[in-house]
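K.L.:
Below is one structure. I have some questions about it.
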Amino acid sequence: MSRIPMPDPSLVRGLTRRRMDRRDALRISGLAALGAALSACGVKGKGSPAASAPAADAVAKYWTGKTGNGKLTFANWPLYMDPKHPELQKFTAATGVQVKYEEVIQEMGPWFAKVQPQLAAGQDIGYDLMVITNGIQFKQFVQSGFLAPLDHSRLPNYAKNADPAYAKEAFDPGNAYTIPWTSGMTGIAYDPKKVNRPITKLADLWDPAFKGKVGMFSDTQELGNFGMLALGIDPATSTPADWKKAAAKLKEQKQQGILRNYYDQSYVDALGKGEVWITQAWSGDIFQKNVSDGANLKFVIPEDGGTIWTDNFAIPVTAKNPVDALKLMDFFYQVDIAASLAEYINYVCPVPDAKEQIKKDAAAASGADKASLEAVAKSPLVFPTADDYARLHYYRDFATAAEQQEYQSIFEPIVLG
Amino acid sequence: MLRRRLAPYLLVLPGGLWLLLFFVVPMVTMLSLSLQEGDVVTGYVFTGHWQTYADAIVNYRTQLVRSLAYGAVTTLILIVLAFPVAYWIAFYAGRRKATYLFLLLLPFFVSFVLRTISWRQILTDDGMVLGPLKHLGLLSSSAHVLGTPAAVIGGLVYNFLPFMVLPIYVALERIDPRVVEAARDLYADPATAFRKVIFPLALPGVFAGVLMTFVPASSDYVNSAVLGSSSTTMIGQVIQSQYLTSSNYPTASALSFTLMAVLLIGVFAYARALGTEDVMKVAAR
């Protein structure tokens, strides 16, 4: 789930992503020893899913004896930081730790598929820190035992500055494995030049007036969530029966020709080019598109509900430089650093005090910068109000792999038409 | 003596090993994977579960049939487009043959994916082609090309054109002009000479062209992903999604295997119908 105007992720992967090397491919296709008989090879997993919470001594066991190495490699989504990486420069200046920053994550599913074989084999994936979204693959990472349990005694800034609400996240209670990078909302975006009435509710995505001009997300969780919300079902507590109802509702939208296509990151581009007039959207994207292209797109959280998600820092259990990674995680919870990041990416900031900092920055700035910083500090997309939160729903947290698969099997055929 | 008997085997060894390593091993692995059950967290275990094939084919028959249909239509259009081009270059381009072939290949120095994205820019709803037409009122404001089967097939045709032109060109280029002269001397009019002499001699080229375009066009997923919509999904997209989004390796492998089987059967049936005894021999030309 990235949120920056990008072409179709399948393309971007082809362009930017390191091609899977042969070793990866062999492992993915079953860790086959050469010439192994058919039955001799299986895809290695954990054997049995791990409990969601780490054992009491897991933190001590993992961190004891680990020391900093003065370097780390950080895997993040594209355009999720100022390209000049000012925060990382400050980090290196303050700690001496060198950071290699790579924008290699385009989608959660493929990212998990890419690193799973190495992690299952207990090998280093080449990254000490990564940003993963809550959702299906998040659970797979946790259940497979792929994430290092966090030593909170080494996260003083987090303890001091993070919004306490994050400790209660259903997908990672008590932040056992992750702390947030940023959060965002899924709502509706539209082009007011084409849509001549204000959009307020989910039903607008099913309005025949926009026939062939409606976009939805191809991510099955995002898609399913809106199907459910449109029927008044809370995704977080939904059941398989609800999923089927939502699937029927979504099929209706497709069969009546109201839907134009299911999009990944490319929806922003499609919206800008008039391909869709109204679409499911991620909050920060629209803000950034308006700033960068001078577009005048609108983003709304529907009255009847939108969703909120969190992208999270996580350390792969096989990381070579976990201590340095943890240090960087904590660094992003310094108020000034959190503010600096939010000023650029315009997603929900996990540090409430950053708001004051941004206001101070605005006071010190002038001209266009001043106006834009003031807008960020006031933006409900960066600092949502209690009212906004009341309309935002959480993702369904799948308890078992079987449940995930059942969910996928209901929604995936819709996307793959 | 012994050395002479071993020589052919030694010669075939590097290629043979290559095939074993990068074709047979992945194939066996894929077959194995398609017969496993489990999930990505607990791991997949071989159970010989053939039902995966039945389920995959039933669930994704629409996309399978669509892919083959798009592949076939693309190939037919390619023959119609490529033959005249190849014919002209082979017989009328004179000294400039190499230049024209180079021009034909020139766009292909740019990445396949980039070129496909460019078509997206060109054909988009308010883009440089449709935008002005809509502005003039010649098209309704909701008219679009992207997302339709025509856009996907158009993209496939564009992307695979050289793979049809080149083999046909090679076949035509090899025709001895004296054979055509002989036909004319024997009172064949140009059309008859083409029908009875040139076209049959060019057939192996067409055959190779079909092999080189039908298979990749049917299994392509980039064109459909970029230019199509959820109603033009091809089987390659389904496989990609099963592998990378759902981590459902057995279904993805079963679909890959099915696609390959269907394509191989199709190719061999085509070879028989054409009366070619040895597919590889023709393909190798």
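The values are calculated or read from the model by the stated rules, or taken from the named source; none is laboratory data. The structure displayed is predicted, hence computed values, not measured ones. Note that we place each Cβ from the backbone using ideal geometry, even for glycine, and neighbour counts take in every protein chain shown. Just the protein is used for accessible areas: all its heavy atoms, side chains included, with ligands, DNA and RNA removed. Shrake-Rupley method; radii C 1.70, N 1.55, O 1.52, S 1.80 Å.
K.L.:
Name the helices (runs of 4 or more DSSP H) wholly inside the range A:262-342 in which the number of residues that are at pLDDT 95 or above and closer than 29 Å to A:LEU119 by Cβ is 2 or more.
P.N.:
Because the criterion is at least 2 residues that are at pLDDT 95 or above and closer than 29 Å to A:LEU119 by Cβ, the helices (runs of 4 or more DSSP H) in the range A:262-342 that meet it are A:322-331.
K.L.:
Taking the condition of being in contact with a Cys (Cβ under 9 Å, 6 or more places away or on another chain) and among the polar types (S, T, N, Q), how many residues in the range B:34-74 meet it?
P.N.:
The number of residues fulfilling the criteria is 1.
K.L.:
Now a separate question. Could you tell me whether the range A:73-82 includes any residue that is within 14 Å of chain B (Cβ to nearest Cβ), open to solvent by less than 20 Å² (accessible area, probe 1.4 Å), under 17 Å from A:PHE313 (Cα atoms) and in a strand (DSSP E or B)?
P.N.:
Checking the range A:73-82: not a single residue is within 14 Å of chain B (Cβ to nearest Cβ), open to solvent by less than 20 Å² (accessible area, probe 1.4 Å), under 17 Å from A:PHE313 (Cα atoms) and in a strand (DSSP E or B).
K.L.:
When the range B:15-33 is examined, which residues are found to be more than 10 Å from chain A (Cβ to nearest Cβ) and either in contact with a helix residue (DSSP H, G or I) (Cβ under 6 Å, 6 or more places away or on another chain) or exposed (fewer than 12 other Cβ atoms within 10 Å of the Cβ) (or both)?
P.N.:
Result: B:GLY15, B:LEU17, B:TRP18, B:PHE23.
K.L.:
Could I ask something else about it? Provide a single number: the residues in the range B:184-234 that are among the hydroxyl-bearing types (Ser, Thr, Tyr), part of a helix (DSSP H, G or I) and in contact (Cβ under 8 Å) with a residue 12 or more places away in the chain.
P.N.:
Matching residues across the range B:184-234 total 4.
K.L.:
Regarding the range A:396-409, can at least one residue be identified that is aliphatic (A, V, I, L, M), at pLDDT 90 or above and either open to solvent by 20 Å² or more (accessible area, probe 1.4 Å) or under 19 Å from A:LEU202 (Cα atoms) (or both)?
P.N.:
Among the residues of the range A:396-409, not one is aliphatic (A, V, I, L, M), at pLDDT 90 or above and either open to solvent by 20 Å² or more (accessible area, probe 1.4 Å) or under 19 Å from A:LEU202 (Cα atoms) (or both), which makes the answer no.
K.L.:
Applying the selection to the range B:87-122, what residues are surrounded by 14 or more Cβ atoms within 10 Å (Cβ to Cβ) and over 23 Å from B:ASN223 (Cβ atoms)?
P.N.:
B:TYR87, B:ILE89, B:ALA90, B:PHE91, B:ALA93, B:LYS97, B:TYR100, B:LEU101
K.L.:
Inside the range A:362-417, counting only helices (runs of 4 or more DSSP H) that do not spill past its ends, which hold 3 or more residues that are within 14 Å of chain B (Cβ to nearest Cβ)?
P.N.:
A:401-416
K.L.:
Another question, then. Please find, among A:PHE138, A:PHE217, the residue that is within 13 Å of chain B (Cβ to nearest Cβ), crowded, with 24+ Cβ neighbours inside 10 Å and under 15 Å from the mean Cα position of the chain (by Cα).
P.N.:
A:PHE138
K.L.:
Does the range B:110-123 include one or more residues that are under 18 Å from B:VAL165 (Cα atoms), away from chain A (no Cβ under 12 Å) and either at pLDDT 90 or above or under 20 Å from the mean Cα position of the chain (by Cα) (or both)?
P.N.:
Scanning the range B:110-123, I find no residue that is under 18 Å from B:VAL165 (Cα atoms), away from chain A (no Cβ under 12 Å) and either at pLDDT 90 or above or under 20 Å from the mean Cα position of the chain (by Cα) (or both), so the answer is no.
K.L.:
Kindly evaluate B:SER118 against the criterion of being of a type in the set (Gly, Ala, Ser) and touching an Asp or Glu at 6+ places or on another chain (Cβ under 9 Å).
P.N.:
no
K.L.:
Suppose the filter is surrounded by fewer than 15 Cβ atoms within 10 Å (Cβ to Cβ), in contact with an Asp or Glu (Cβ under 9 Å, 6 or more places away or on another chain) and outside any helix (DSSP H, G or I); does A:THR182 pass it?
P.N.:
no
K.L.:
In the range A:256-267, is there at least one residue being without any contact (Cβ under 8 Å) to a residue 40 or more places away in the chain and either within 13 Å of chain B (Cβ to nearest Cβ) or crowded, with 22+ Cβ neighbours inside 10 Å (or both)?
P.N.:
Scanning the range A:256-267 turns up no residue that is without any contact (Cβ under 8 Å) to a residue 40 or more places away in the chain and either within 13 Å of chain B (Cβ to nearest Cβ) or crowded, with 22+ Cβ neighbours inside 10 Å (or both).
K.L.:
Here is a follow-up. Hey, any hits in the range A:220-238 for a residue that's more than 21 Å from A:TRP309 (Cβ to Cβ), without any contact (Cβ under 8 Å) to a residue 40 or more places away in the chain and out of contact with any Cys (no Cβ under 8 Å at 6 or more places or on another chain)?
P.N.:
no
K.L.:
Can you tell me how many residues within the range A:269-291 are farther than 13 Å from A:LYS213 by Cα and in contact (Cβ under 8 Å) with a residue 60 or more places away in the chain?
P.N.:
The qualifying residues number 11.
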